[in-house]
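Below is one structure; the comments refer to it alone.
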Amino acid sequence: MCGIVACRTDGIAADYLLNALSRLEYRGYDSAGVAIRTTAGTAATVKSVNRVASLAPLLVQFPPAELTGTGIGHTRWATHGAVTPGNAHPHADCSGRLSIVHNGIIENADVLRGRLTAAGHRFSSDVDSEVVAHLVEDAMAPSAATGEAPGLAAAVSTAITALEGSWALVVLDSQTGGMVATAHRSPLLVARTTHGDLVSSDIAAIAEWADDYWALRNGDVVEIAETLGWTRAGEPTSAPRPIRKTWSSAVHELEHHADYMDREIDEQPEVAARILDGLGSRIADGSLWRDTGIGAFSRVTVLGCGTSLNAGRIIASAFSRLGGLPHDYVVASEASTAVLDPKALVLAISQSGETADVLRAIDEMGISGNLVALTNNPHSTLARQADSVINCFAGPEIGVAATKTFVAQIVTGVAYALSALVDSGRMTRRDAQRQVADLGRIPDLLAQAIAVSRDVIPAIAAEVREASGFVFLGRGSGVVYAAEGALKLKELTYRWAEHYPAGELKHGPLALIEEGTPVVVIDNGDPRLASNIAEVSARGGNVLRIGGPGSRIPALGLSLGTPLLGAMEQWGPLESVVPVQVLARELAVLLGRDVDKPRNLAKSVTVD
Ligand code: F6R
């Protein structure tokens, strides 16, 4: 999704901006641009609908000595307006003095544009963001009474009062070198470093230079000058508590891996083991849950999107299977009609913590009091809104397709679920200890699934290369893993893929099966799957069974002798996610897709 960077340094702004923007590429974008203050007090602005790297040659038109150390930059993921250089950020006011970069959506942009146009402003793009440049321009006009013009921070404070929607904004005044950052429901960070002042929407962009940073709260306006001036609604305010960076720039190393997804699939056993090491001793005595401070609840409602919602469904089922608690799940983008049980624990689950659909759902559903955020970003907007935050400690995930965050969410979420059940008296400590022992097998199960998948799946991917579509089937605890497999396959290969509870086949989807149709079956040991497999085989379908020994992809349970039904039913066959990830990736590579940046998708979906 869109990314913001800005710098005020004594060095070469282009070096900082282009380097930082390249570190945001993993989020997905379709155009990029920078505006750098010149020594003449103008803006040197270049934009491109190609990669960030294509900006450097465009800057050659400006003599290097005239470019200062102050500038702003942006990667855009189009929502309003086509992907054109004109619609790429930064955008400027009528005079070209002010440049702005914006993440989020200005919901009343059409009204504002009409009003500003009528007042004589000239727009040069189709995007909502441009209204901000003109609003600040208006707000900087000298007062008729005193003849004095407000400073940039005051003008930005005035301008944002007209906005509806969400924004992270940096405004650069090329004439004075003034720079102001502000945010409302969209992340923005400011760091004061030995390299100068840096601003970004994502710590990944500036982690190389910054050790500590401040995350702007809704309504914060920060003047980036000799001292950082913090205001809210025009009044001075204190800075929020600084945050110590946990993101290491080493995560950008691919080591021997072909792409980040490849690396992140391999990291999964280690991630699961690290989480269990950290939480293990506090699960079975209930203290892990008690420390969240969340009150009693009699139902679990999970809220999320995509892969995170799949993880949430598995965690919620664990509450039901193990503790008899009813559960439901809400697709965040459809939350407006959901009816919330006031006694429900709401588990909002999002690796980024910035997913606009989830944030809006929390507002729409009026959730308060029992909101727990399960996220990989404990400083995110979601985390700040929640009553309690559970960090899933997956470490930075660069590939757009969620892999290790899914595993981390499930392992962490199930650990907290077990602890909550003990704390509320729904499970004995002894039973919980048995469950914790089962959880402890997950790292080995994942490692074995990786070994098997790397061995057998490349040949299978070559075999199904020409298939136009795929069906994924499961029963019981396997259904959500089938859903996750279909999601991974379509997002990476651009082939259609649907999942069904296997019993539903005969109610319609069986009509899709023809000679050679690949049908991936998550075989969790449910005996009823045999007849579903027979139905598919009888119609010539190519059954790719992910199960125990003897199956086409024998990635489950293997030599650990796990009984496939029983022990694994609480959270399903978690290791089955590995072969579906590997299948999607191998096929995507064969088809020449960009594995880490699938088309049209973004890592952090900050628009709803
Ligand atoms: C799929 C994927 C997406 C995300 C979804 C929610 O591989 O990554 O489906 O799971 O966009 O994102 P978060 O978890 O950031 O809320």
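The values are calculated or read from the model by the stated rules, or taken from the named source; none is laboratory data. Since we're looking at a predicted model, the values are computed, not measured. In this analysis, Cβ positions are derived from the backbone assuming ideal geometry, glycine residues included, and neighbour counts consider all displayed protein chains. To get the accessible areas, we keep the full protein, side chains included, count just its heavy atoms, and leave off ligands, DNA and RNA. Shrake-Rupley method; radii C 1.70, N 1.55, O 1.52, S 1.80 Å.
Between residue 175 and residue 511, the modelled labels are 6.7 nm apart [label points 7 Å from Cα along Cα→Cβ].
Legend: P(r) of the range 16-85 from all alpha carbon pair distances, 5 Å bins from 0, whole percents, reading 3, 18, 28, 24, 15, 8, 3, 0. In a fully extended conformation the segment linking residue 591 and residue 459 would gain 46.1 nm over its present Cα-Cα distance, using 0.36 nm per residue. Take residue 80, project a point 7 Å from its Cα along the Cβ direction, then tell me which residues of the range 197-213 have their backbone nitrogen under 14 Å from it. Nothing falls inside the zone, counting backbone N under 14 Å. Taking 0.36 nm per residue of separation and subtracting the Cα-Cα distance, full extension of the segment from residue 270 to residue 51 would add 75.5 nm.
In this structure, residue 257 and residue 494 have a Cβ-Cβ separation that, at R0 = 25 Å, corresponds to a calculated FRET efficiency of about 0.65.
Quick one: grab the alpha carbon gyration tensor of the range 232-324, order the square roots of its eigenvalues as a ≥ b ≥ c, and give me rounded if a/c is under 1.5, else prolate or oblate depending on whether a/b is larger than b/c. Oblate, since a/c reaches 1.5 and b/c is not below a/b. Helices in the chain, meaning DSSP H runs of at least 4 residues, each add -39500 (n - 2.57). Divided by all residues, the mean residue ellipticity at 222 nm is -9500 deg cm²/dmol.
Which order do you get for 99, 336 if you rank them by accessible area with a 1.4 Å probe, largest at the top? Spell out each step's value before the answer.
Working: 99 5, 336 85 Å².
Solvent-accessible surface, decreasing: 336, 99.
Calculate, for the chain, the solvent-accessible area per residue in square angstrom, rolling a 1.4 angstrom probe over the heavy atoms of the protein chains.
The answer is 37 Å² per residue.
For the chain, the share of accessible area belonging to carbon and sulfur comes to 51 percent (1.4 Å probe, ligands and nucleic acids excluded). For the chain, the longest principal axis of the alpha carbon atoms and the long axis of helix 442-463 meet at an angle near 90°. Projected onto planes of every orientation and averaged, the convex hull of the alpha-carbon atoms in the chain covers 28.4 nm².
Sorting the Cα pairs of the range 254-440 by distance into bins of 10 Å, from 0 upward, gives 10, 39, 36, 14, 2, 0 percent per bin. Computed from the alpha carbon atoms alone, the convex hull of the range 457-608 holds 128 Å³ per residue. I'd like the distance between the alpha-carbon centres of the range 345-372 and the range 534-554, rounded to an integer number of Å. Between the Cα centres of the range 345-372 and the range 534-554 lies a distance of 39 Å. Relative to a virtual label point 7 Å from the Cα of residue 539 in the Cα→beta-carbon direction, which members of the range 452-479 show backbone nitrogen distances below 14 Å? The answer is 469-473, whose backbone nitrogens lie closer than 14 Å to the label point. Were the residues from residue 296 through residue 119 laid out at 0.36 nm apart, the gain over their Cα-Cα distance would be 58.1 nm.
When only Cα pairs under 8 Å and 6 or more residues apart are kept, what is the percent relative contact order across the chain?
Dividing the mean separation by the residue count of the chain yields 12 percent.
Which of rounded, prolate or oblate describes the range 3-251 when judged by the alpha-carbon gyration tensor and an a/c cut-off of 1.5?
rounded
Close lysine pairs were tallied over the chain: pairs 8 or more places apart or on different chains with Cα atoms under 14 Å apart number 5. Of all DSSP bridge pairs formed entirely within the chain, close to 65 percent run antiparallel. In the chain, the longest principal axis of the Cα atoms and the axis of helix 13-22 are about 20 degrees apart.
Angle between the Cα long axis of helix 404-423 and the longest principal axis of the chain, 0 to 90 degrees, nearest 10? For 404-423 against the chain, the angle is about 70 degrees. For the range 204-236, the set of GluC sites (Glu not before Pro) satisfying both a DSSP loop assignment and a count of at most 16 other C-beta atoms within 10 Å is given as 226.
Electrostatic bookkeeping for residue 215 treats Lys and Arg as +1 and Asp and Glu as -1; over the other residues with beta carbon under 13 Å from its beta carbon, the sum is +2.
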